[in-house]
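*Asks:* One structure, as structure tokens, below. Some questions next.
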Amino acid sequence: MGRFVVIVLDSFGVGAMKDVKAVRPRDVGSSTAGHILQKNEAINLPTLEKLGLMNALGYEVGKHKFSKNANYGTSNLAHYGADSFLGHQEIMGTTPKIPLIQPFNQKIDEVEENLIKNGYKVRRVGDKGTQILVVNEVATVGDNLETDYGQVYNVSACLDLISFEDLKKIGHAVREVVQVSRVITFGGEKITLDNLLSARKIKNNEIAGVDAPESGVYNYGYQVVHLGYGIDKNVQTPTILDKAGVQVSFLGKVADIIQTESKRLFPGVDSDTLFNDLIQEVQEINHGFFALNIQETDLAGHAEDVERYSDRLELSDRRINELLPYLNTGDILIVMADHGNDPTIGHSNHTRERVPLLIYSPGIQGKYVGERETLADVGATVADYFHVSNPQNGKSFLSKIFSE
């Protein structure tokens, strides 16, 4: 045993799942990795390609070739839709419940009533059927516009006007009366209520919310907590590792959306900073589980920006290459994704895609772990590696990595 590192390049899928024609027809033909490579053949990803990116994609594009020595596989998504929160819960070894799909305006009356009951001043903005709430003139409540419509509500705030601790109380008041997958409660500094309201948008004549990137909430002093539905942390690999005394380090979005007793949490969005933190953690800890989410790829996907997505991939490629020399014999690195977000497909939402499993362990070459049925197989493999009890779901592929 030693170090097990999982890097999630958020949304970097390798092709539409077989069920999209039936369950998500707008994702038919999606391939985040494939289409970025085709649109930008000059992109330079030597490390990811050495680790088996093209092998996982299943075809070569121009100068981007298969790797003969790669250890790799792919995984399908077992969670409903294509969601970062549910995807990460799945990676950690659980089967997330199918969330209620319910646009915010179908619950606005109950949310408003509960906020008022908890002592908040609330007003509505917008036309009936596509309204959002303003709470204490510092926060808004509405639909999330970045993920599958009707699955997530956002509580967005100006942190110059309210503390994050007090903001979380608003988030919990919303969470108490709704059954959607997530209530994301977040805020940023150097923004005003006018910034939030100026970024208000309506989608499909029923989804109403604040466009978070446009509002500027991510730019300064960003803090966030993801309040999930139906997740039992006690059957997830991180909690099992906590109880066994195995060190857990979470970096990026993982630190916000996965529960752990560990104090080694490094939330944030800037990819360079997060890679710095990861390399520092790996240098300091000889025995532990590390999970990093690179969110900037996903943000570029939402923006339908191939150039920005390519830039974040190239940065990640360079930084992963810097990490590799710090891994010793017996350590494992898996580079993967949680879903797709094809910036060329014609819409700005996540895409339901298979994800790559790019595996590195010094001295190990040419291992294929197959096409997995669920991301939970990663969590099960982590548990197997540390000789702790299995999580709720998933089948370990550790033996395939270390087989003779």
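Laboratory data are not the source of any read-out in this text; all were calculated from the coordinates shown. A quick note: this is a predicted structure, and the numbers were derived from the prediction, not measured. For neighbour counting, all protein chains shown are included, and Cβ atoms are generated from backbone atoms with ideal geometry for every residue, glycine included.
*Asks:* Anyone know which of T140, T297, T329 comes out most mobile in the 10 Å Cα GNM of the chain?
*Replies:* The residue with the greatest mean-square fluctuation here is T329.
*Asks:* Could you grab the relative contact order for region 104-228? Cα pairs under 8 Å, six or more apart, rounded to a whole percent. Could the numbers behind the result be given before it?
*Replies:* Details: 263 pairs, mean separation 33.2, N = 125.
Taking the mean separation of contacting Cα pairs over the length of region 104-228, I get 27 percent.
*Asks:* How much mean residue ellipticity at 222 nm does the chain get from its helices, if each DSSP H run of length 4 or more adds -39500 (n - 2.57) and you divide by all residues, to the nearest 500 deg cm²/dmol? It would help to have the intermediate numbers written out before the result.
*Replies:* Values: 16 runs with 127 residues, N = 404.
Mean residue ellipticity at 222 nm (helix-derived): -8500 deg cm²/dmol.
*Asks:* Short version: ³J(HN,Hα) in whole Hz for each residue of region 179-194, in order, from phi by Karplus 6.51 cos²θ - 1.76 cosθ + 1.60 (θ = phi - 60°), x for Gly and Pro, what are they?
*Replies:* Those phi angles translate into 10, 6, 4, 9, 10, 8, 10, 8, x, x, 8, 6, 10, 10, 4, 4 Hz.
*Asks:* Indicate the gyration tensor shape class of region 104-228 (rounded, prolate or oblate), computed on the Cα atoms with a ≥ b ≥ c the square roots of the eigenvalues: a/c under 1.5 is rounded; otherwise a/b larger than b/c is prolate and the rest oblate. Please list the in-between numbers first.
*Replies:* Values: a/c = 1.35, a/b = 1.13, b/c = 1.19.
Because its axes are fairly even, with a/c under 1.5, region 104-228 counts as rounded.
*Asks:* Taking 0.36 nm per residue of separation and subtracting the Cα-Cα distance, what length does fully extending V125 through A42 add?
*Replies:* 25.3 nm
*Asks:* Which whole-number percent gives the relative contact order of the chain, counting Cα pairs below 8 Å spaced six or more residues apart? Write down the numbers at each step before the final one.
*Replies:* Numbers: 982 pairs, mean separation 118.4, N = 404.
Relative contact order, the chain: 29 percent.
*Asks:* Within the set of other residues whose C-beta is less than 13 Å from the C-beta of K367, count the net charge using Lys and Arg as +1 and Asp and Glu as -1. Numbers along the way, then the final one.
*Replies:* Details: positive: K68, K400; negative: E404.
Here the charged neighbours net out to +1.
*Asks:* Give me the distance between the Cα centres of region 338-378 and region 228-247, rounded to whole Å.
*Replies:* One Cα centre to the other: 23 Å.
*Asks:* Using a 7 Å offset from Cα along Cα-Cβ at Y220, what residues in region 162-192 end up with backbone N under 15 Å from the label point?
*Replies:* Residues 162, 187-192 fall inside that zone.
*Asks:* How much net charge surrounds V5 when only the other residues with a Cβ under 10 Å from the Cβ of V5 are counted, with Lys and Arg +1 and Asp and Glu -1? List each step's numbers first, then the result.
*Replies:* Values: positive: R3; negative: E281, D331.
Overall, the nearby charge balance is -1.
*Asks:* Name the long-range amide H neighbours of Q247: under 5 Å, sequence gap of 5 or more, or other chain; modelled H, no Pro or chain starts.
*Replies:* It is F289, by chain and number.
*Asks:* Taking the chain as the reference, fit the longest principal axis to its C-alpha atoms, fit the long axis of helix 271-284 to the helix C-alpha atoms, and give the angle between the two in degrees, 0 to 90, nearest 10.
*Replies:* Relative to the chain, helix 271-284 is tipped by roughly 50 degrees.
*Asks:* If you rank L265, L299 by fewest surrounding Cβ atoms within 10 Å, what's the result?
*Replies:* Numbers: L265 16, L299 21.
Placing the least packed residue first, the sequence is L265, L299.
*Asks:* If you don't mind, another one. Give, as a single signed number, the net charge of other residues whose beta carbon lies under 12 Å from the beta carbon of Y385, with Lys and Arg counted +1 and Asp and Glu -1.
*Replies:* Numbers: positive: R3; negative: D331, D384.
That sum, taken over residues with Cβ under 12 Å, equals -1.
*Asks:* Please label the shape of region 231-379 as rounded, prolate or oblate, based on the square roots a ≥ b ≥ c of the eigenvalues of the alpha-carbon gyration tensor (a/c under 1.5 means rounded; beyond that, a/b larger than b/c means prolate, else oblate). Before the final figure, lay out each step's value.
*Replies:* Working: a/c = 1.44, a/b = 1.35, b/c = 1.06.
Because its axes are fairly even, with a/c under 1.5, region 231-379 counts as rounded.
*Asks:* Can I ask one more? I need the shape label for the chain. Rule: rounded when a/c is under 1.5, else prolate if a/b > b/c, else oblate, with a, b, c from the alpha carbon gyration tensor.
*Replies:* Numbers: a/c = 1.83, a/b = 1.52, b/c = 1.20.
Prolate is the answer for the chain, as a/c is 1.5 or above and a/b outweighs b/c.
*Asks:* In whole percent, what relative contact order does region 1-159 give with Cα contacts below 8 Å and a gap of six or more residues? Present the calculation step by step, with values, prior to reporting the outcome.
*Replies:* Values: 179 pairs, mean separation 19.5, N = 159.
Relative contact order, region 1-159: 12 percent.
*Asks:* Just Y59, Y72, Y309 to compare: in a GNM of the chain, with alpha carbon springs under 10 Å, which one fluctuates most?
*Replies:* Y59
*Asks:* Once amide H atoms are placed 1.01 Å from N in the peptide plane, what residues at a sequence separation of 5 or more from N341, or on another chain, have their amide H within under 5 Å of its amide H?
*Replies:* G13, T32, T351
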